[in-house]
Amino acid sequence: MSQQQFDGEKPQAMVEFLNRFELEGELPVSFLSEEGVFLLSIQYLIEDCWNNSFDHERKLLRFGVNTDGWDLLINIDDDQLDILQDEMGDIDSIDITIFDLLDANLEKVECCYKQEKM
């Protein structure tokens with residue numbers, strides 16, 4: 001996957017999500033529905049993802065890593081902003097959207113670590 005800088009119009013909900021959770025110490029966190037149903041846990045966000053991890057060919061933005069260690073992505077052309085998960089090259093929807101996460105309740109996760117840059 002050729003990763004390049006994103007130079008188009010950024011989906012506002014994605015910008016809002018990244019701005020909300022990019023602060024140091026905000027992650028890792030679990031996202032829960034209003035009913036308390038587990039949606040997703042995010043370990044960390046990919047630093048400066050708009051400039052470092054956008055696949056122009058497939059229109060995919062790699063933005064974070066879940067607590068299982070899988071990369072999380074969105075297709076920036078998808079109005080629903082469905083979250084995709086990359087499991088060793090197999091990219092599938094996990095039936096959760098960025099909008100679901102923006103509306104979710106949060107629960108701090110203490111078990112995870114951030115992968116250090118080499």
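The values are calculated or read from the model by the stated rules, or taken from the named source; none is laboratory data. Small disclaimer: the values here were computed from a predicted structure and weren't measured. Counting neighbours? That spans all protein chains shown, and the Cβs are built from the backbone with ideal geometry, glycine included. Please note that ligands, DNA and RNA were not included when accessible areas were found on the heavy atoms of the full protein model with its side chains. Shrake-Rupley method; radii C 1.70, N 1.55, O 1.52, S 1.80 Å.
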**OP:** Determine, yes or no, whether Glu26 is in contact (Cβ under 8 Å) with a residue 12 or more places away in the chain, surrounded by fewer than 18 Cβ atoms within 10 Å (Cβ to Cβ) and outside any helix (DSSP H, G or I).
**Re:** no
Original post:
Taking the stated definitions as given, is Val37 surrounded by fewer than 19 Cβ atoms within 10 Å (Cβ to Cβ), hydrophobic (A, V, I, L, M, F, W, C) and at pLDDT 95 or above?
Top reply: yes
Subject >> The one condition in (1) open to solvent by 20 Å² or more (accessible area, probe 1.4 Å); (2) at pLDDT 95 or above; (3) among the β-branched types (Val, Ile, Thr) that Val65 fails to fulfil >> reply: (1)
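Here are some residues: Phe6, Phe21. Which one is without any contact (Cβ under 8 Å) to a residue 60 or more places away in the chain and open to solvent by less than 90 Å² (accessible area, probe 1.4 Å)?
Values: Phe6 fails: without any contact (Cβ under 8 Å) to a residue 60 or more places away in the chain.
Of Phe6, Phe21, the one residue that is without any contact (Cβ under 8 Å) to a residue 60 or more places away in the chain and open to solvent by less than 90 Å² (accessible area, probe 1.4 Å) is Phe21.
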**OP:** Would you be able to say whether some residue in the stretch 41-59 is in contact (Cβ under 8 Å) with a residue 24 or more places away in the chain, part of a strand (DSSP E or B) and over 25 Å from Phe6 (Cα atoms)?
**Re:** yes
Subject >> Boolean, Leu72 is open to solvent by less than 20 Å² (accessible area, probe 1.4 Å), of a type in the set (A, V, I, L, M, F, W, C) and touching a helix residue (DSSP H, G or I) at 6+ places or on another chain (Cβ under 6 Å) >> reply: no
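Could you run through the stretch 4-23 and say how many residues are assigned to a loop (DSSP other than H, G, I, E, B) and more than 16 Å from the chain's Cα centre (by Cα)? Don't jump to the end; show me each part of the working.
Start the filter on the stretch 4-23 by keeping residues that are assigned to a loop (DSSP other than H, G, I, E, B), which leaves 5-11, 22-23.
Filter again for more than 16 Å from the chain's Cα centre (by Cα), leaving 5, 7-9.
Residues that pass the stated criteria total 4.
Report, by residue number, each residue of the stretch 80-99 that is open to solvent by 40 Å² or more (accessible area, probe 1.4 Å) and at pLDDT 95 or above.
Answer for the stretch 80-99, where residues must be open to solvent by 40 Å² or more (accessible area, probe 1.4 Å) and at pLDDT 95 or above: Gln80, Asp82, Ile91, Asp92, Ser93, Ile94, Asp95, Phe99.
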**OP:** Would you check if Leu102 is within 21 Å of Glu47 (Cα to Cα) and surrounded by fewer than 19 Cβ atoms within 10 Å (Cβ to Cβ)?
**Re:** yes
**OP:** Exactly one condition in (1) of a type outside the set (S, T, N, Q); (2) modelled with pLDDT of 95 or more; (3) touching a strand residue (DSSP E or B) at 6+ places or on another chain (Cβ under 7 Å); (4) more than 18 Å from Ala104 (Cα to Cα) is not met by His56; state its number.
**Re:** (2)
